[in-house]
Amino acid sequence: MQTLNGYRQSHAELRQMIDDLRAIMTKDQLKIRPNAKTAYELLCELGEKMKHHLAEEDRGLYPNLLIHEDPKVKSIAWGFISGEKPLRKTFDDYYKRWLKNCDFQFSDEFMAETNEVFDMVSGRIDREEHVLFPKLVEIGLFSETYNAA
């Protein structure tokens with residue numbers, strides 16, 4: 001089972017990947033083929049890390065919350081579980097549309113959709129940090145020791 005610090009570390013890695021991608025995903029940078037290839041690889045890695053993060057929460061976090069006696073805790077858990085579905089679908093659709101063929105064609109439409117995916121992932125992380133994690137500490141599932149690495 002993950003620790004609160006483990007989930008926060010996962011968040012930090014996801015945020016760093018998004019920041020790195022936002023920096024490299026400019027029209028000028030993507031005209032350089034090695035940069036385009038790196039951006040593609042990082043996008044695929046982001047997708048894998050996000051899937052792993054959500055799967056870890058599904059296995060190690062939500063089952064405990066869904067059996068908690070406080071209905072508010074159960075409600076928060078269900079809210080995050082139901083919020084996963086659109087995020088997973090969006091990223092799966094995005095991957096099928098833009099990444100599966102490795103063509104490194106970064107159109108305006110691709111860039112706009114990529115930024116939407118980044119915003120969705122960032123929003124999810126923010127909600128976990130500000131809603132879910134404080135509740136986990138409050139109910140005693142995790143302690144608040146946080147070691148920023």
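Restricting the first member to region 18-34 and to residues that are at pLDDT 90 or above, and the second to residues that are surrounded by 12 or more Cβ atoms within 10 Å (Cβ to Cβ) and among the β-branched types (Val, Ile, Thr), the beta-carbon pairs closer than 7 Å and six or more apart or on different chains are Ile18/Val121; Ile24/Thr38; Met25/Thr114.
Restricting attention to region 42-77, which residues are part of a loop (DSSP other than H, G, I, E, B) and open to solvent by 60 Å² or more (accessible area, probe 1.4 Å)? Give the steps one after another, and end with the answer.
Keep residues of region 42-77 that are part of a loop (DSSP other than H, G, I, E, B), which gives 61, 67-70.
Within region 42-77, Ile67, Glu69 meet the criteria.
Would you tally the residues in region 98-115 being in contact with a helix residue (DSSP H, G or I) (Cβ under 8 Å, 6 or more places away or on another chain) and either modelled with pLDDT under 85 or acidic (Asp, Glu) (or both)? Number of matching residues: 6. From the list Ala12, Ala39, the one residue that fits, being within 12 Å of the chain's Cα centre (by Cα) and either part of a loop (DSSP other than H, G, I, E, B) or of a type outside the set (Lys, Arg) (or both), is Ala12. The residues of region 84-110 that are closer than 18 Å to Ile32 by Cα and touching a Lys or Arg at 6+ places or on another chain (Cβ under 8 Å), listed by number, are Phe104, Phe106.
Here is a list: Asp28, Asp19, Asp92. Which entry is of a type in the set (Asp, Glu), assigned to a helix (DSSP H, G or I) and over 19 Å from the mean Cα position of the chain (by Cα)? Full working, then the answer.
Values: Asp19 fails: over 19 Å from the mean Cα position of the chain (by Cα); Asp92 fails: over 19 Å from the mean Cα position of the chain (by Cα).
Criteria check complete, one pass: Asp28.
The values are calculated or read from the model by the stated rules, or taken from the named source; none is laboratory data. Quantities reported herein were computed from a predicted structural model and do not represent experimental measurements. All Cβ positions, even for glycine, are placed from backbone atoms using ideal geometry, and neighbour counts span all protein chains on display. For the accessible areas, the whole protein counts, side chains as well, though only heavy atoms, and no ligand, DNA or RNA atoms are used. Shrake-Rupley method; radii C 1.70, N 1.55, O 1.52, S 1.80 Å.
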